[in-house]
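Before any comments, here is the structure.
The values are calculated or read from the model by the stated rules, or taken from the named source; none is laboratory data. Bear in mind that the values here come from a model prediction, so they are computed numbers and not experimental data. Positions of Cβ are backbone-derived with ideal geometry, glycine not excepted, and every protein chain shown enters the neighbour counts.
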Amino acid sequence: MYRSHVLVCGGTGCTSSGSMQIMKTLQEEIDKNGLHDEVCVVQTGCHGLCALGPIMIIYPEATFYSMVKQEDIPEIVSEHLLKGRVVTRLVYNETVTDEGIKSLSDTEFYKHQHRVALRNCGVIDPENIEEYIGTGGYEALGKVLTEMTPDQVIQTLLDSGLRGRGGAGFPTGLKWKFAKANDADQKYVCCNADEGDPGAFMDRSVLEGDPHVVLEAMAIAGYAIGASQGYIYVRAEYPIAVARLEIAIQQAKEYGLLGKDIFGTGFDFDIGLRLGAGAFVCGEETALMTSIEGKRGEPRPRPPFPALKGLFQKPTILNNVETLANIPQIILNGPEWFASMGTEKSKGTKVFALGGKIHNTGLVEVPMGTTLRQVIEDIGGGIPNGKKFKAAQTGGPSGGCIPAEHFDVPIDYDNLISIGSMMGSGGLIVMDEDNCMVDIAKFFLEFTVDESCGKCTPCRIGTKRLYEMLDKITKGKGTLEDLDKMEELCYYIKENSLCGLGQTAPNPVLSTLRYFRDEYIAHVVDKKCPAGVCKALLSYVIDADKCRGCTLCARTCPNNAIEGKVKEPHIIRQDKCIKCGACMEKCRFGAISKK
Amino acid sequence: MASNKIPFAGSKEQEAALMQYIAEKKDDPGCLMPILQKAQEIYGYLPIEVQTMIADELHIPLEKVYGVVTFYAQFALNPKGRYKISVCLGTACYVKGSGDIFNKLQELLGIGSGECTPDGKFSLEACRCIGACGLAPVMTVNEDVYGRLTVDELSGILNKYA
């Protein structure tokens, strides 16, 4: 028995800021102080508060140390672990109160959250199957195999109201029901871990922090639809997730929880890992299956739906990581428990990846129906540097930008669609007044042009034309007629594309045209970029009253565009200025501004 | 994509390693992707010579192998630099200025996206979200991750790989 456990986050965010070296130093310091029999260091998955990484939590007190540096370790070990005195200076400041250190679950970031899919993330060691079993892991699989029929499992999911967390929100139970109804000599269960939406990283965190939950849920799915083989299609960009999945599959096989005759019930189920190779379209279900087959990952027309003809032309179900992570809990706690959370048509919780211009970047899990205001202001801590909120982008390249006027709309699948965005996989990027919405629309279109597989014309050529029009507008060459043409093209692409990529690609343009038309007008009519982003529309000017004539800007300018005598106000020659902004960065008197 | 054609220089050991892997996997359904990934791990990239070996060994047309290689962004037809620089242009990084970081690197290195410096030292590419959004804007140099970057830090970082 250890008297103290030190949990160090080994998720991608914290690893990137050096948590592995911190763990090494920590272990060395613990050994040096002769505490190795009393204190246990555990590497966990993501705690969610990535903005404050590297993160370290010491139990039983649950003291939350944030932004830990290697040089702080000796002090934490000798003070906290040896003498029992919390190093207040290094503790997450939200937990420090006049009455002492308060619990992490009472902080604004954590107290509004409700963790179901992320239940074990940051709590258990993901590389140790016994820790997963210790928190009730594989109990649901045991219950399903020994007490329930496949139809009962499917009915439980239907009753729970669980909908796919990958974006489209299709009822999971229904998907399983269709696949079960089709007879075949072989069926497949696939897990979509090709988390392609830039800015979304919840699936990665589940895979890194709790890989066994995905394996358990896939085995349950296999039993329910009558499949003996599963595949996880995971992005190669997630090396830590891939490594932990490999370990988890190996351990589950050793424990007899995957493979032949699981729990002695005669049920066989095996899982193989397939790595993606950097194609966004492979997040689409038919493209993903084509890619597992070893081909170019192009989508194919539906019907036939994968439930009838999927992977290798056999009945297949494909579920997203977060969807699967909910399933063992639904089996154990019952569908009523799950359905008690959320809104009328969207049950349970949803994980969001908060990013962009927000204080607490990281992962949060909240009940469906939580408002954007609660997520951004209460949990996310609002916008940094006193800037004004402009829009929240959800749904990645398939979604849209939500303006402040919809701050109080309860977030669920249907509400987001009605305000011109979509749930997507749960990326939530906050933008402030310094972000140009035309530029953002262009950014997403550049992405879809790049990622369009090229199979169908509306998507391949349509997105390219859309991008060109946006580019023209950001360069000040657009006309009002272009705006109407763009809108028309958007609807054409949506209606005629083969797969979800093309059908949703125009959403970033449509939603910004809907809510931020005035910014488009400013670019087209006034030839101005109100946010000061579009370079072609900017001019840098020196305020003669503030300029002291120090000559620093003139010496910095790479194109000799700044003229003026020492101790006299300088001027920028607009015909020579290349708008690099170097002068503005260097000016010590705040005399240079862009307009 | 840049076409700085460097002659193929694969060794017998590399070929043996690839052949062994193909022998293990060739009967698995959908084995082409894992084989290409392994080949890229062995050779660092997938020149036409390597693609030909795989096509011959699997008894499939070269055109099919080439089709798959060119479809996926991670398969490289050209060798990469000793230091692979990857700038995240995912949304979270982009709204925090990773576009400026990427432009500055192109300027400092004198190469464009997907290219390699003539001395073979640095190659540059844009990537989509490595999932370290809390540290935006982010770039990686081989295994090293640099977060909360500013344009001014870049030349100092490049100098570390002298």
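Condition check for residue A:48 on (1) farther than 21 Å from residue B:144 by Cβ; (2) away from chain B (no Cβ under 14 Å): one failure, at (2).
Under the condition of being out of contact with any Pro (no Cβ under 7 Å at 6 or more places or on another chain), part of a helix (DSSP H, G or I) and hydroxyl-bearing (Ser, Thr, Tyr), the residues counted in segment A:1-54 number 4. Does residue A:64 satisfy the condition of being crowded, with 19+ Cβ neighbours inside 10 Å and in a strand (DSSP E or B)? Yes, satisfied. Could you check how many residues of segment A:116-155 are within 28 Å of the chain's Cα centre (by Cα) and of a type in the set (Ser, Thr, Tyr)? Count: 3.
Restricting attention to segment B:96-138, the residues that are more than 10 Å from every other protein chain (Cβ to nearest Cβ), over 14 Å from the mean Cα position of the chain (by Cα) and aliphatic (A, V, I, L, M) total 5.
When you look at residue A:424, is it in contact (Cβ under 8 Å) with a residue 40 or more places away in the chain, within 20 Å of the chain's Cα centre (by Cα) and under 30 Å from residue B:70 (Cβ atoms), yes or no? Criteria met by residue A:424. When segment A:164-183 is examined, which residues are found to be under 17 Å from residue A:200 (Cβ atoms) and either touching a Pro at 6+ places or on another chain (Cβ under 9 Å) or of a type in the set (Asp, Glu) (or both)? If the condition is that a residue be under 17 Å from residue A:200 (Cβ atoms) and either touching a Pro at 6+ places or on another chain (Cβ under 9 Å) or of a type in the set (Asp, Glu) (or both), then A:164 is the only one that fits. Of the helices (runs of 4 or more DSSP H) lying entirely inside segment A:441-509, not one contains at least 3 residues that are within 14 Å of chain B (Cβ to nearest Cβ), at pLDDT below 95 and out of contact with any Leu (no Cβ under 9 Å at 6 or more places or on another chain).
Residues in segment A:285-341 that are more than 25 Å from the chain's Cα centre (by Cα) and within 14 Å of chain B (Cβ to nearest Cβ): A:293, A:294, A:295, A:296, A:310, A:311, A:312, A:313, A:314, A:316.
Check segment A:158-176 and report whether any residue there is under 30 Å from residue A:396 (Cβ atoms), of a type in the set (Phe, Trp, Tyr) and touching a residue at least 60 places away in the same chain (Cβ under 8 Å).
Residues of segment A:158-176 that are under 30 Å from residue A:396 (Cβ atoms), as a first pass: A:158, A:160-176.
Restricting the remaining residues to those that are of a type in the set (Phe, Trp, Tyr) gives A:170, A:176.
Adding the requirement that they be touching a residue at least 60 places away in the same chain (Cβ under 8 Å) leaves A:176.
Taking every residue of segment A:158-176 in turn, at least one turns out to be under 30 Å from residue A:396 (Cβ atoms), of a type in the set (Phe, Trp, Tyr) and touching a residue at least 60 places away in the same chain (Cβ under 8 Å).
Scanning segment A:237-269 for residues that are touching a strand residue (DSSP E or B) at 6+ places or on another chain (Cβ under 8 Å), surrounded by fewer than 16 Cβ atoms within 10 Å (Cβ to Cβ) and within 14 Å of another protein chain (Cβ to nearest Cβ) returns a single hit, A:246. Filter segment B:142-155 down to the residues that are crowded, with 18+ Cβ neighbours inside 10 Å and outside any helix (DSSP H, G or I), then identify the one that is farthest from the other protein chains (Cβ to nearest Cβ). Within segment B:142-155, the match that is farthest from the other protein chains (Cβ to nearest Cβ) is B:149. For segment B:43-76, what are the residues that are hydrophobic (A, V, I, L, M, F, W, C), away from every other protein chain (no Cβ under 13 Å) and either outside any helix (DSSP H, G or I) or surrounded by fewer than 16 Cβ atoms within 10 Å (Cβ to Cβ) (or both)? Across segment B:43-76, the qualifying residues are B:48, B:62. As a summary of the residue check, residue B:84 satisfies the conditions (1) in contact with a strand residue (DSSP E or B) (Cβ under 8 Å, 6 or more places away or on another chain); (2) over 19 Å from residue A:280 (Cβ atoms); (3) within 11 Å of chain A (Cβ to nearest Cβ) except for the one numbered (3). Can you name the condition, by its number, that residue A:102 falls short on among (1) within 26 Å of the chain's Cα centre (by Cα); (2) over 30 Å from residue A:318 (Cα atoms)? Of the numbered conditions (1) within 26 Å of the chain's Cα centre (by Cα); (2) over 30 Å from residue A:318 (Cα atoms), the odd one out for residue A:102 is (1). Exactly one residue among A:137, A:173 is over 30 Å from residue A:504 (Cα atoms) and either in the same structural domain as residue A:252 (by TED's automatic domain parsing) or buried (at least 22 other Cβ atoms within 10 Å of the Cβ) (or both), and that residue is A:137. If I go through segment A:514-572 residue by residue, how many of them are part of a loop (DSSP other than H, G, I, E, B) and among the aromatic types (Phe, Trp, Tyr)? Adding up the residues that qualify gives 1. Restricting attention to segment B:100-129 and to residues that are charged (D, E, K, R) and not in a loop (DSSP other than H, G, I, E, B), the residue that is nearest to residue B:156 (Cα to Cα) turns out to be B:104.
Only one entry of A:546, A:528 meets the criterion of being of a type in the set (Lys, Arg), over 20 Å from residue A:467 (Cβ atoms) and in contact with a Phe, Trp or Tyr (Cβ under 6 Å, 6 or more places away or on another chain), and that entry is A:546.
So, of the residues in segment A:1-44 that are aliphatic (A, V, I, L, M) and in contact (Cβ under 8 Å) with a residue 60 or more places away in the chain, which turns out to be surrounded by the fewest Cβ atoms within 10 Å (Cβ to Cβ)? Result: A:42.
Taken as a whole, segment A:141-164 holds at least one residue that is assigned to a helix (DSSP H, G or I), over 30 Å from residue A:422 (Cβ atoms), more than 14 Å from every other protein chain (Cβ to nearest Cβ) and small (Gly, Ala, Ser). Looking only at segment B:62-103, residues that are acidic (Asp, Glu) and assigned by TED's automatic domain parsing to the domain that holds residue B:147 come to 1 in all. For the subset of segment B:82-122 comprising residues that are of a type in the set (Lys, Arg) and within 26 Å of residue A:448 (Cβ to Cβ), which member is surrounded by the fewest Cβ atoms within 10 Å (Cβ to Cβ)? Filtering segment B:82-122 for residues that are of a type in the set (Lys, Arg) and within 26 Å of residue A:448 (Cβ to Cβ), the one surrounded by the fewest Cβ atoms within 10 Å (Cβ to Cβ) comes out as B:84.
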